[in-house]
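Colleague: I have a structure I would like to understand better, so I am pasting it below and will then ask my questions one at a time.
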Amino acid sequence: MDTIREQIIQNIETRCATISTTATSPTFNFDYDNIFRARKNIEIPDLPCMVVWPGQDTDAQKQYGRTKCEMTIKIEAFRFFDTTNPSVIQEQMLGDVISAFTDPENPFPLIEDISYTNGGPEDFPSGGETITGIGVTFNIQYSYKTGKPYTQ
């Protein structure tokens, strides 16, 4: 059995996989072939890809028999670029991720609130490099019955 937190992380991974140019609403700029969880080393055959980094619960409080938590999630996205300025590609990637995670018409199960806290290019490619990427951080609020992290 998975905790509420684990189920949320799995839902985040699933949402990453839905970012696609064939999605009906919203329309995205890019597709991602691979979704990884907490993977540090990305190889060329893995691209384009996204990496989900679950963070710590930064604020957990007991309220009326419930434990309310706030956890950070970082999403990294990597892809090749061709003759298009990599900064333009990075801004499109950032928009895709923010839209996929914060569109109120596409809510997450088990999540009480999700907010974009920061993101953008983590670095710019040097001459001769063909890969670019971004990082995006979200705060996620969720809760479970106190002492029962498997039950919402």
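Colleague: Could you count how many residues in the stretch 7-53 are under 13 Å from Ala100 (Cα atoms), in a helix (DSSP H, G or I) and among the β-branched types (Val, Ile, Thr)?
Modeller: Residues flagged as under 13 Å from Ala100 (Cα atoms), in a helix (DSSP H, G or I) and among the β-branched types (Val, Ile, Thr) within the stretch 7-53 amount to 2.
Colleague: Step by step: first the residues of the stretch 97-146, then only those that are aromatic (Phe, Trp, Tyr) and assigned to a strand (DSSP E or B), then the one that is farthest from Ile4 (Cα to Cα). Which residue is that? If you could, list the steps in order and put the result at the bottom.
Modeller: Step one: filter the stretch 97-146 for residues aromatic (Phe, Trp, Tyr), giving 101, 108, 116, 124, 138, 142, 144.
If we keep only those that are assigned to a strand (DSSP E or B) as well, we get 116, 138, 142, 144.
Details: Tyr116: 21, Phe138: 17, Tyr142: 8, Tyr144: 7 Å.
Filtering first and then ranking leaves Tyr116.
Colleague: Do the conditions hold for Ala100, that is, is it aliphatic (A, V, I, L, M) and touching a Cys at 6+ places or on another chain (Cβ under 8 Å)? Before the answer, list the steps.
Modeller: Values: aliphatic (A, V, I, L, M): yes; touching a Cys at 6+ places or on another chain (Cβ under 8 Å): yes.
Yes: the conditions hold for Ala100.
Colleague: Which of the residues belonging to the stretch 96-146 are free of Cβ contacts under 8 Å to residues at least 24 places away in the same chain and either over 21 Å from Asn11 (Cβ atoms) or charged (D, E, K, R) (or both)?
Modeller: Asn118, Asp123, Ser126, Gly127, Gly128, Glu129
Colleague: Looking only at residues that are hydroxyl-bearing (Ser, Thr, Tyr) and within 18 Å of Gln10 (Cα to Cα) in the stretch 22-79, which one is farthest from the chain's Cα centre (by Cα)? Give the steps one after another, and end with the answer.
Modeller: Filtering the stretch 22-79 down to residues hydroxyl-bearing (Ser, Thr, Tyr) leaves 22, 24-25, 27, 32, 58, 64, 67, 72.
Filter again for within 18 Å of Gln10 (Cα to Cα), leaving 32, 72.
Values: Tyr32: 12, Thr72: 10 Å.
The residue in question is Tyr32.
Colleague: Scan the stretch 80-95 residue by residue and report those that are at pLDDT 95 or above and either of a type in the set (D, E, K, R) or within 10 Å of the chain's Cα centre (by Cα) (or both).
Modeller: Glu91
Colleague: Looking at Gly55, Gly133 in this structure, which one is loosely packed, with under 15 Cβ neighbours inside 10 Å and touching a strand residue (DSSP E or B) at 6+ places or on another chain (Cβ under 7 Å)? Walk me through how you get there before you give the answer.
Modeller: Details: Gly133 fails: loosely packed, with under 15 Cβ neighbours inside 10 Å.
It is Gly55.
Colleague: Do we find that Glu70 is acidic (Asp, Glu), surrounded by 14 or more Cβ atoms within 10 Å (Cβ to Cβ), out of contact with any Phe, Trp or Tyr (no Cβ under 7 Å at 6 or more places or on another chain) and in a strand (DSSP E or B) in this structure?
Modeller: Values: acidic (Asp, Glu): yes; surrounded by 14 or more Cβ atoms within 10 Å (Cβ to Cβ): yes; out of contact with any Phe, Trp or Tyr (no Cβ under 7 Å at 6 or more places or on another chain): yes; in a strand (DSSP E or B): yes.
Judged against the criteria, Glu70 is a match.
Colleague: Then there's this: Consider only pairs whose beta carbons are under 8 Å apart and that are at least six residues apart or on different chains; among these, list those whose first residue lies in the stretch 27-51 and is over 16 Å from Gly135 (Cβ atoms) and of a type in the set (S, T, N, Q) and whose second residue is modelled with pLDDT of 90 or more and in a helix (DSSP H, G or I).
Modeller: Listed by first residue and then by second, the contacts come to Asn29/Gln92; Asn29/Met93; Asn29/Gly95; Asn29/Asp96; Asn34/Asp46.
Colleague: Is it the case that some residue within the stretch 105-116 is surrounded by fewer than 18 Cβ atoms within 10 Å (Cβ to Cβ), in contact with a strand residue (DSSP E or B) (Cβ under 9 Å, 6 or more places away or on another chain) and modelled with pLDDT under 95?
Modeller: Checking the stretch 105-116: at least one residue is surrounded by fewer than 18 Cβ atoms within 10 Å (Cβ to Cβ), in contact with a strand residue (DSSP E or B) (Cβ under 9 Å, 6 or more places away or on another chain) and modelled with pLDDT under 95.
Colleague: So, of the residues in the stretch 80-101 that are β-branched (Val, Ile, Thr) and surrounded by fewer than 15 Cβ atoms within 10 Å (Cβ to Cβ), which turns out to be nearest to Val136 (Cα to Cα)?
Modeller: Keep residues of the stretch 80-101 that are β-branched (Val, Ile, Thr), which gives 83-84, 88-89, 97-98.
Cutting the leftovers down to surrounded by fewer than 15 Cβ atoms within 10 Å (Cβ to Cβ) gives us 83-84, 88.
Working: Thr83: 24, Thr84: 22, Val88: 16 Å.
Filtering the stretch 80-101 for residues that are β-branched (Val, Ile, Thr) and surrounded by fewer than 15 Cβ atoms within 10 Å (Cβ to Cβ), the one nearest to Val136 (Cα to Cα) comes out as Val88.
The values are calculated or read from the model by the stated rules, or taken from the named source; none is laboratory data. Model, not experiment: these values are computed from the prediction. Ideal geometry is used to build each Cβ from the backbone, glycine not excepted, and the neighbour counts take in all protein chains shown.
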